[in-house]
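A.B. asks: Mind having a look at this structure? Questions to follow.
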Amino acid sequence: GQDVAQLKDDKQFRIKGYDTGAGALYLGANVKEQYTSDKRVRQALSWAVDRERIVKQVLGGYGQASAAPWPKSSPAYSDANATRYQHDPDKARALLTEAGHDSLSLPLAHASVPRVTAIAQIIQYDLKQIGITTELQPYDSATMQKKLIAQQMPALWTMGHGFAQVHPSTLAVSAYPFNEAKNTSQFSSPAYTEAVRAAWVRDDAEGPEALAAYQRISDQLLDEAFIIDLAVEAQVEVATAKVHGADLNKFGYLILDDAYLV
């Protein structure tokens, strides 16, 4: 996004956006750790983070602040889900107090690359405002991926995820952070499993019952807050102004069947 932003006023280039998104950024919480086992603490984290700042400063404005994982192309998307948690430090502090904490100290793992480090630093700053001190733990990207799959993350970590642009139930069975059977947060509940499996077996994509099934998944994700979505990254195509007819599919693959130069 920051790279694209440098070109937006240059008439030599054309920028086209797609509503499929290019993945999402999130803050994960390990529910087996002492403090993040409490749902109220996890919800406090979600109220604490300034998602709009992440979109502006890290994504260059090319993205959408969202508490839910769904891009606008998804039948599971709704404005209500996307804005379920906004930046409200007072609500965050109130939830921490309700959970019995005035202050906490938590580790926060992240990949040691500039963009993810910037996200981790924003999270660190925002959590400090509500009384949570975080110790940043940087790892190379390969190690982060191994820790993700092996359920070896500390209390908090930040990464990105995909799969939200395909069938809504796919996220909760294919994206490891969300997997209802086994996920990085070590979260499980009968309600989440039931919601995911009910959506998975539907043969209609956008009927009233299907939409209700997707909403049950969203309700579980937003209430349990074991994965705290922060922003949906924009899917953008940048080309010289002479290129026309190019397209991107939902996976970001370039389609040139109808492309031409003028």
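A.B. asks: Of the conditions (1) assigned to a helix (DSSP H, G or I); (2) at pLDDT below 95; (3) touching a helix residue (DSSP H, G or I) at 6+ places or on another chain (Cβ under 7 Å), Ala210 clears all except one; give me its number.
C.D. replies: (3)
A.B. asks: If you don't mind, there's one more thing I want to ask. Looking only at residues that are among the hydrophobic types (A, V, I, L, M, F, W, C) and within 28 Å of Thr158 (Cβ to Cβ) in the stretch 196-226, which one is surrounded by the fewest Cβ atoms within 10 Å (Cβ to Cβ)?
C.D. replies: Trp200
A.B. asks: Can you report the number of residues in the stretch 102-123 which are free of Cβ contacts under 8 Å to residues at least 40 places away in the same chain, within 14 Å of Ala48 (Cα to Cα) and under 18 Å from the mean Cα position of the chain (by Cα)?
C.D. replies: Matching residues across the stretch 102-123 total 2.
A.B. asks: Let me ask another. For the stretch 3-15, check the following and say yes or no: at least one residue is of a type in the set (Lys, Arg), outside any loop (DSSP other than H, G, I, E, B) and farther than 15 Å from Glu233 by Cβ.
C.D. replies: yes
A.B. asks: Now for a different question. Which numbered condition trips up Asp140, out of (1) among the acidic types (Asp, Glu); (2) within 22 Å of Leu230 (Cα to Cα); (3) without any contact (Cβ under 8 Å) to a residue 12 or more places away in the chain?
C.D. replies: (3)
A.B. asks: Does Glu52 count as under 18 Å from the mean Cα position of the chain (by Cα) and in contact (Cβ under 8 Å) with a residue 12 or more places away in the chain?
C.D. replies: yes
The values are calculated or read from the model by the stated rules, or taken from the named source; none is laboratory data. Because the structure is a prediction, the values reported are computed rather than measured. Here Cβ is always computed from backbone atoms with ideal geometry, including for glycine, and neighbour counts include all displayed protein chains.
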